[in-house]
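All of the numbers you see were taken from the coordinates with simple rules; none came from a lab. Please read all numbers here as calculations on a predicted model, not as lab measurements. Glycine also receives a Cβ, built like all others from the backbone with ideal geometry; neighbour counts cover every protein chain displayed.
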Amino acid sequence: MNIVVAIKHVPSTADELELNEDGTNLDFDEIDFLLNEFDEHAIEQAVLLKEAAGGEVTVVGVDIIEELDGVLHTALAKGADKAAKIVGDIEPPVSSHVQAKWLADAIREMNPDLVLTGVQAVDDLDGQIGPMLAAYLDLPYVGVVTGVSSKNGSVVAHKEFAGGVMAEYEVALPAVLGIQAAEKPPRYAPISKIRQMAKSAEIEEFEADEDFEYEGCELRKMAKPESAGHAEMIEGDPEEVAEKIIAILEERGLL
């Protein structure tokens, strides 16, 4: 089975995020990038399918700020066989719609049996890459998938609905699936193996169609949350504290 996984590198949520001077985006020189959490699950699911049914796994992403190679090397260390990236004169922000079009152009040339992607990215949470990939590739799509198994030219996708309701869909291949969680936790990639991939792995490049435009929402300004008040700390023994709390509730008309 020829499996392609569309991935994204996202800012590390463990870092203190800084804005650029214009306040229009993050300061990309001051933050680290890592593999999107849901894409890690998509890679793990792809590798599990490869191990069960044979085949090959290719990871591909859009190199928006020239930070993608490290993420691709991590994916290879986790069990992917090939890596590719979309390159060009690409400046952030790039909408999900445009990224989906570029990814679809590259993936179409790979002639996949199955395309996987994380159900959403932690930096935008819009969950649109998978559905739009399917639309551009003219393939069926199932999202919020929590497990995939191969079955005679098709796959069985386990989908989660609101309230914990689960369903199974048998999907004819080729198809696109949005992975929320793999059947097993994503495997650990040792630093030594990632470094080995960085030295030896070849990354195929696809040119972005920079003439393609999509008039979506325009991000004009970003700002950190501002403090709107403060907490009042009530001190004293239990009886004093209780009296003060009652007085505050009465003052505000709650008693």
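By how many degrees, between 0 and 90 and to the nearest 10, does the Cα long axis of helix 238-251 differ from the longest principal axis of the chain?
Roughly 80 degrees between the two axes.
DSSP beta bridges in the stretch 2-207, what fraction antiparallel, as a percent rounded to 5? Please report the intermediate quantities before stating the final value.
On the way: 17 of 44 bridges.
Counting DSSP beta bridges with both partners in the stretch 2-207, the antiparallel share is about 40 percent.
Of all beta bridges DSSP finds with both residues in the stretch 1-72, what is the antiparallel percent, to the nearest 5? Let's see the in-between values first.
On the way: 4 of 9 bridges.
Of the beta bridges lying entirely in the stretch 1-72, close to 45 percent run antiparallel.
Identify which of GLU21, GLU232, GLU213 has the largest mean-square fluctuation in a Gaussian network model of the chain, with springs joining Cα atoms closer than 10 Å.
Top of the fluctuation ranking is GLU232.
Explain nothing, just compute: Karplus ³J(HN,Hα) = 6.51 cos²θ - 1.76 cosθ + 1.60, θ = phi - 60°, for every residue of the stretch 85-95 in order, whole Hz, x for Gly and Pro.
Values per residue, Gly and Pro as x: 8, 8, 10, x, 7, 9, 10, x, x, 10, 5 Hz.
With a point put 7 Å past each Cα toward its Cβ, work out how far GLU91 is from ALA228 in nm, to one decimal.
For GLU91 paired with ALA228, the spin-label model returns 3.5 nm.
Between VAL62, VAL156, VAL165, which gets the highest mean-square fluctuation from a Gaussian network model of the chain, Cα cutoff 10 Å?
Between VAL62, VAL156, VAL165, it is VAL165 that shows the largest mean-square fluctuation.
Relative to the first principal axis of the alpha-carbon coordinates of the chain, what is the inclination of helix 68-77, with its axis defined by its Cα atoms, in degrees from 0 to 90 and to the nearest 10?
Once rounded, the angle reads 70 degrees.
What is the gain in length, in nm to one decimal, between ALA52 and LEU249 on full extension, counting 0.36 nm per residue of separation less the C-alpha to C-alpha distance? Write down the numbers at each step before the final one.
On the way: separation 197, 0.36 × 197 = 70.92 nm, distance 6.29 nm.
Answer, rounded to one decimal: 64.6 nm.
How would SER192, SER95, SER227, SER12 line up from fewest to most surrounding beta-carbon atoms within 10 angstrom? Mind dumping the intermediate values first?
Values: SER192 9, SER95 18, SER227 5, SER12 13.
Starting with the residue having the fewest Cβ neighbours, the order is SER227, SER192, SER12, SER95.
Counting other beta carbons within 10 Å of each residue's own, what order do ASP138, ASP113 fall into, fewest first? Show your work: numbers first, answer last.
On the way: ASP138 9, ASP113 18.
Going from least to most buried by this count: ASP138, ASP113.
Among LYS199/LYS224; LYS151/LYS184; LYS85/LYS184; LYS221/LYS244; LYS159/LYS224; LYS184/LYS221, which pairs are too far apart, with a Cα-Cα distance over 31 Å?
Numbers: LYS199/LYS224 39 Å; LYS151/LYS184 19 Å; LYS85/LYS184 27 Å; LYS221/LYS244 42 Å; LYS159/LYS224 36 Å; LYS184/LYS221 39 Å.
Exceeds cut-off: LYS199/LYS224; LYS221/LYS244; LYS159/LYS224; LYS184/LYS221.
Within the stretch 1-39, name every residue whose backbone N is under 15 Å away from a label modeled 7 Å from Cα of ARG220 along the Cβ vector.
23-25
Please build a GNM for the chain, connecting alpha carbons under 10 Å apart, and tell me which residue among ARG195, ARG220, ARG108 fluctuates the most.
ARG220
Select from the stretch 18-102 those chymotrypsin sites (Phe, Trp or Tyr not before Pro) which occupy a DSSP coil region and have at most 14 other Cβ atoms within 10 Å, ordered by residue number. Spell out each step's value before the answer.
On the way: sites: PHE28, PHE33, PHE38, TRP102; in loops: none.
Of the chymotrypsin sites (Phe, Trp or Tyr not before Pro), not one in the loops of the stretch 18-102 has a Cβ with at most 14 other Cβ atoms within 10 Å.
With a 10 Å Cβ neighbour count serving as the proxy for reagent exposure, in which order, fewest first, do MET233, MET110, MET132, MET222 appear?
On the way: MET233 5, MET110 17, MET132 20, MET222 13.
Going from sparsest to densest Cβ surroundings: MET233, MET222, MET110, MET132.
Using only helices, what value at 222 nm comes out for the chain when you add -39,500 (n - 2.57) per DSSP H run of length 4 or more and divide by the total residues, to the nearest 500 deg cm²/dmol?
Values: 6 runs with 75 residues, N = 255.
Per the formula, -9000 deg cm²/dmol.
Run the numbers on the stretch 2-207 and let me know its relative contact order in percent, using alpha-carbon pairs under 8 Å that are six or more apart. All intermediate terms of the calculation are to be shown ahead of the outcome.
Numbers: 440 pairs, mean separation 52.5, N = 206.
This gives 25 percent for the stretch 2-207.
Would you mind checking which residues have amide H under 5 Å from GLY143's amide H? H placed 1.01 Å from N; only 5 or more apart, or other chain.
GLY178
Through the Karplus equation 6.51 cos²θ - 1.76 cosθ + 1.60, θ set to phi - 60°, convert the phi angles of the stretch 209-222 into ³J(HN,Hα) values in whole Hz; use x for Gly and Pro.
Rounded to whole hertz, the list is 7, 6, 7, 6, 10, 9, 7, x, 6, 9, 7, 9, 7, 10.
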